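The values are calculated or read from the model by the stated rules, or taken from the named source; none is laboratory data. Remember, predicted model here, so these are calculated numbers, not experimental data. Here the Cβ positions follow ideal geometry from the backbone for every residue, glycine too, while neighbour counts run over all protein chains shown.
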């Protein structure tokens, strides 16, 4: 009985409760965290655009985050869709129905608002920082567009229409040959990944450019697929995955 009560105990972030609620994707950090504060600021501007952050009312990493595709900071185009940035259930909360409950909420919300469907970024091989696409496919998500380097756009269409990657997202090339990272502050972990990369590159004399995506237009015009992070090296797109030292070293050896 307790489990049933808990699985229905969710809260949606609002401009009124944003300051007080935990951002549960980095709940393990008890100290003031600059990534969390940057995310709060980012969210405060997005919530008025129809952005949804729904989480379990517990100290847990159990949440979904989605937005109208028209105002989602990703180079994907389509009419009347929702875009799912993140759906995470971690630790002891896995396998208890929370993920299904969150996805069903998003789907019900889409139907209630007369949306054409829901979409999300995926890949031929599951990426660490992307939501579980095999889970999404059990709800009926299908691949509706692809890039030449293995990324996929998954969509659950409610009316037969489908979104697609913006053509610029498929270019996967930039003129700058040094390590180049596009980012926004949607994810609390972005801040620490930037700090780690900066420190490593300064210590090892590696030239690096950080380009903040701080407007919707910049997000839509990106030269690569993007969820909140995109890495280029030698002018070629590498990954949407946030970096740790070992991953960064592998890219620089390429």
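A few remarks follow.
- Exactly one residue out of 11, 62, 74 is farther than 25 Å from residue 96 by Cα, in the same structural domain as residue 145 (by TED's automatic domain parsing), touching a strand residue (DSSP E or B) at 6+ places or on another chain (Cβ under 9 Å) and at pLDDT 85 or above: that is 74.
- Residue 112 meets the stated requirement of being out of contact with any strand residue (DSSP E or B) (no Cβ under 8 Å at 6 or more places or on another chain), in the same structural domain as residue 144 (by TED's automatic domain parsing), at negative phi and at pLDDT 95 or above.
- Entry remark, the stretch 60-70: residues being closer than 21 Å to residue 16 by Cβ and outside any strand (DSSP E or B) number 0 in total.
- Unique match (being closer than 20 Å to residue 225 by Cβ and either surrounded by 17 or more Cβ atoms within 10 Å (Cβ to Cβ) or modelled with pLDDT under 95 (or both)) among 67, 38: 67
- Of all residues in the stretch 14-26 being under 21 Å from residue 106 (Cβ atoms) and within 17 Å of the chain's Cα centre (by Cα), the one that is modelled with the highest pLDDT: 23
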